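*Asks:* Sharing a structure below in structure tokens format, with a few things to ask.
Here, each number is a calculation from the coordinates, and none is a lab measurement. Not measured: the values here are computed from a predicted model. Note that we place each Cβ from the backbone using ideal geometry, even for glycine, and neighbour counts take in every protein chain shown.
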Amino acid sequence: MPPSPKKAKPRADRRSFGRIRKLPSGRMQAGYIGPDLQLHNAPHTFDTKGRAEGWISKERDLIDLGIWTPPATRNIEAEQEAPVTLFGQYAKRVIATRVSRRGRPLSRRTIDSYKYLLREHINPTFETTPLTDITLESVRDWYSRVSRARPPAKRVRPDKPPKTAPTADVPTARARAYEVLRMVLNVAVDDGLIDKNPCRIKGATAVQPAHDATVLTPAEIQALAAAMPADLSASVLIAAWCALRPSETFELRRRNLNAECSILSVAFAATYRDGEILIDRPKAGSSGEVVIPDHIRSTLRTHLEKHVGPKPESLLFPDPDTGKTMREWIYRKIFDKACAKIGRPDFRPGEQRHTGGTVAAQAGGTLPEVMERLRHKTPQAAMRYQKIAAGRAQTLAENISKLAQETTPKPRQPTKGRRK
């Protein structure tokens, strides 16, 4: 049996001062003989030979200036003098200076969401932890606890808004909290505070909804609109058939409708934060125009005549108590009563948009068409409505069969004739 070939040892690049050798990993190791006649290697390896040479050159300069100390001792002293950066303080700075992908400041809604996830889910574990002490194991332990724990529900008086943001479903909160933790630690890597992001759990950002959204039929939409007060009846029709979010519906004004009530312009959204109503751009900047279906245009024109002021800035659906921008919990109280009347107490205001997206897909809308109607920026959000429409495959096949039976000519019956 022939002898197995011996592995070649890494070759060192001999130089007038110092040496560089290529390791089996492909990285470069630099070292030199110091004034103490001892071999001193760099505290880390280099990805290129040029960077290794640069480190050796700097070490030679220290020797020439007479201020040289062993690199190992130097690194220990630097670590002892370096201030400890705690996660909570650093995360606060990151969120305050964070910008969007387009280089714009984050919206108030996004900042509030980040702060809520930090306060409720991340800081209880990592707030006083140094960034360098956050490991993959600690992230896994935290992630498993978040997946099992549900924050206790808080009782809220129906006439007063909640003091904090409503608690999200556990799967959604877990995924979003992980995204925030990973984002902060990514910035820490860019700042050179840590070498590698410990957030490496596969599939951690995937969201599995805790429940399926409820979708109303066209007859139920009409019944719900009829069960609402007269001045809010059209809010159901326009939210369900045009796929609007509640915050967008609350900020609709006369100027957002054209003269024929055929085009709706969605430009702003109203949300309640820290004891005040804030008017901002819609979620994810999803402003745009929506074509209003023919069957509700006359109802909207009637609503404008009876319930909306003549000025362009007049709100379509003002708060019944203040006459100003609708407060979410006030609308929810009225909406829930109407849902109970039609036997659908499980339906929520936010699901009107889901109903509109589902109807658009069931009506035959393609993915780009549904994206345009719901003002989505990415196809992933619109895909779920396509999947719902695909679930009607059996109904569609039955309708095709009925159509085929109606249009297929019946076979001719042989006529009885006399034999010749």
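*Asks:* Determine one quarter of the surface area of the Cα convex hull of the stretch 218-398, which equals its mean projected area, and express it in nm² to one decimal. Intermediate results must be reported in sequence, preceding the final value.
*Replies:* On the way: hull surface 43.5 nm².
Its average projected convex-hull area is 10.9 nm².
*Asks:* When the Cα centres of the stretch 49-65 and the stretch 266-310 are compared, how far apart do they sit, in Å?
*Replies:* Cα centroid to Cα centroid, the span is 66 Å.
*Asks:* Would you mind ranking THR358, THR69, THR45 so that the residue whose beta carbon has the fewest other beta carbons within 10 Å leads the list?
*Replies:* Final ranking by Cβ density, sparse to dense: THR69, THR45, THR358.
*Asks:* Can you tally the net charge around ASP47? Count Lys and Arg as +1, Asp and Glu as -1, for every other residue whose Cβ sits under 12 Å from the Cβ of ASP47.
*Replies:* Overall, the nearby charge balance is +4.
*Asks:* If you don't mind, there's one more thing I want to ask. For the stretch 218-398, build the charge dipole from Cβ charges (+1 Lys, Arg; -1 Asp, Glu) around the Cα centre, then report which of GLY309, THR271, PRO229 sits farthest towards its positive end.
*Replies:* Toward the positive end, the furthest listed residue is THR271.
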